[in-house]
1. Using only Cα atoms, tell me the angle between helix 113-131 and the longest principal axis of the chain; keep it within 0 to 90° and round to the nearest 10.
2. Grab the Cα-Cα distance for residue 165 and residue 205, subtract it from 0.36 nm times how many residues apart they are, and report the gain in nm with one decimal.
3. Suppose we look only past 11 Å in the calculated P(r) of segment 137-185. What percent of the Cα-Cα pairs does that tail hold?
4. Can you give me the relative contact order of segment 91-217 as a percent, contacts being Cα pairs under 8 Å and 6 or more apart?
5. Quick one: if you stick a label point 7 Å off each Cα along the C-beta vector at residue 235 and residue 320, how many nm between them?
6. Rounded to the nearest Å, what's the spacing between the alpha carbon centres of segment 161-177 and segment 128-146? Just the number, please.
7. Taking the mean number of other Cβ atoms within 10 Å as a proxy for protection, how do you rank 102-108, 165-171, 287-293, 112-118 from highest to lowest?
8. Between residue 128 and residue 153, what FRET efficiency comes out of the Förster formula 1/(1 + (r/R0)^6) with R0 = 35 Å and r the beta carbon distance, rounded to 0.05?
Ligand SMILES: C[S@@+](CC[C@H](N)C(=O)[O-])C[C@H]1O[C@@H](n2cnc3c(N)ncnc32)[C@H](O)[C@@H]1O
């Protein structure tokens, strides 16, 4: 998934630096990804770790982590369910909330009419299968993740769901086919939460805490509202031209609150090592972070030049050079 602040391209750098820093075997460690987003960092560590704790305040992100981090069931069953769901969306057309509010028909062309109908059909079917016990909870999150990831690829947007494009772009014209959201089955007792990080931190403990909070004022709940709407599939009155729903406002996105939020988090963290990803364009300065970390243990950092691509509203891809910092606290 193309996600603001995704660490997809940085995950091996983060993995190597964590491994080189800690004076423990990864296989004996409890690793927590407290702002997990797409789950890519937790997924990178999962095969090498004793236990993974994953958390994000956004519901769609929780769904992804329930699948990628929490799930442990037979791959053949997963294949069968995907096959059956694809057969349903080929043969049946159920129009529902997405068609009514987020399609060409609704004058909010986030999806073509055909794909909006397929999303509704799949979403209604997944809920029905859970209700009549054809699938269990693990299978439910697997199917929801598969739908979210596959639908996201066909969204008629520049990159996020803050707005839709006036004309349907080529990639959004493809017919929805639900692809399997592969997870790694393990015998770990992994934990997945959907909480405010500063609340959850008071209730967990472990060895490695990885922090990747929002670093600017762009709220995830607003930019990915449609993923929450597909995941929750609840009824509400969409607001205005873009069909926004009520969304969570994070203190990490507020200049006036973010310093205290980080300090409180670090103060309450019961972990041997803390790693914080933050870049040089964030609301907190390098010195802000250094000051906070230095109060609570031994501080160091690693930096990496990073070329990222940013989509602007005209769909022009601009290259952007940033410095990614990995701030480290050991105690
Ligand atoms: C930079 S992204 C994380 C990206 C992730 N590491 C990845 O590679 O996909 C920040 C995440 O923090 C989440 N978030 C924002 N405020 C939060 C809070 N107060 N508690 C927990 N999660 C929060 C957002 O929903 C978002 O997914």
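Each reported figure results from applying straightforward, stated rules to the coordinates on display, with no laboratory input. In this text the structure is predicted, and so the values were computed from the model without any measurement. Every residue, glycine as well, gets a Cβ built from its backbone with ideal geometry; the counts of neighbours run over all protein chains shown.
1. Approximately 70 degrees, to the nearest ten.
2. Working: separation 40, 0.36 × 40 = 14.40 nm, distance 4.44 nm.
Once the chain is fully extended between residue 165 and residue 205, it gains 10.0 nm.
3. Cα-Cα pairs in segment 137-185 separated by more than 11 Å: 70 percent.
4. RCO, segment 91-217: 20 percent.
5. The modelled label-to-label distance comes out at 4.0 nm.
6. 27 Å
7. So the peptides 102-108, 165-171, 287-293, 112-118, ranked by packing, come out 112-118, 102-108, 287-293, 165-171.
8. Working: r = 24 Å, r/R0 = 0.70.
My answer for the efficiency is 0.90.
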